[in-house]
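The values are calculated or read from the model by the stated rules, or taken from the named source; none is laboratory data. These figures come from a predicted structure and were not determined experimentally. Because the Cβ atoms are built from the backbone with ideal geometry, glycine has one as well, and the counts that use them run over all protein chains shown. Each accessible area value is taken on the protein alone, full model and side chains, heavy atoms only, with ligands, DNA and RNA left out. Shrake-Rupley method; radii C 1.70, N 1.55, O 1.52, S 1.80 Å.
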Amino acid sequence: PCFVDLILIFFQNFQLPDADKSLSKESGNLFYQEGHVRRAIESFEKILKLDPQNTEASIALSVLYNDIGQYKKGQAIFEEASKSLISKSEDPHLNKKFSRKHLELAELYSSFERTQEAIIELQKATQLDPLNLEAILKLAQIKESKGLVSQALEDLKRLCKEHPQYLEAKVQLG
């Protein structure tokens, strides 16, 4: 059997103590990198059985489900991880990851013309990471498309003032 198969056999036959959760996470990442999405999902699910509050495993699992088109399942896992994050101390690194994920969900909603859901996700993204300039810009673009031109202009002007190096906002402001 190949190395990936050996890792799978190991994780299927042994319960991992707390110290080995990182090893299981690494196996999930390895499976994903090798193109074994189903096995990666199994690894991250095993981590979550051992540690339901593991936000990194939740994020990875959510991304994997989105990658294979199971958006509702991915979103449910992501939302559960978001709730557990609120109970933890604020971690800027994790907040940025969650913000990026909300931006991705907003883009997905927007592509299916589900504007209200996209706005909600973009607002969540900017609350988690006020420096997610892409989310702020996208929110202004959606507001403009919905006829909320004065709000969109206000957002763009504030964005240009606070982040003059962000050229995309200047282009959008025109």
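Here segment 101-169 is assigned +1 on the Cβ of each Lys and Arg and -1 on the Cβ of each Asp and Glu. Its dipole about the Cα centre then comes out at about 180 debye. Candidate cross-link partners of K138 among the lysines, defined by an alpha-carbon separation under 16 Å and a same-chain spacing of 8 or more, comprise K101, K124, K146, K157, K170.
Cα centroid separation, segment 101-174 to segment 25-74: 29 Å.
Based on the Kirkwood radius over alpha-carbon pairs, what value in µm²/s does the Stokes-Einstein equation return for the translational diffusion coefficient of segment 33-79 at 37 °C and 0.692 mPa s? Before the final figure, lay out each step's value.
Working: Rh = 10.4 Å.
After rounding, the answer is 314 µm²/s.
What nm value, rounded to one decimal, do you get for the distance between E154 and Q53 when each label is placed 7 Å out toward the C-beta? Rounded to a tenth, the inter-label distance reads 4.0 nm. The modelled label-to-label distance for the pair N29/E45, using points 7 Å beyond Cα in the direction of Cβ, is 2.3 nm.
Out of the total accessible area of segment 104-174 (probe 1.4 Å, heavy atoms of protein only), what percent is carbon and sulfur?
Details: 2310 of 4390 Å².
Summing carbon and sulfur atoms, their accessible area is 53 percent of the total for segment 104-174.
Here the gap between I120 and K83, fully extended at 0.36 nm per residue and compared with their Cα-Cα distance, gives a gain of 11.7 nm.
Length, then width, then depth: along the principal axes, the Cα atoms of segment 68-161 run 36, 30, 18 Å.
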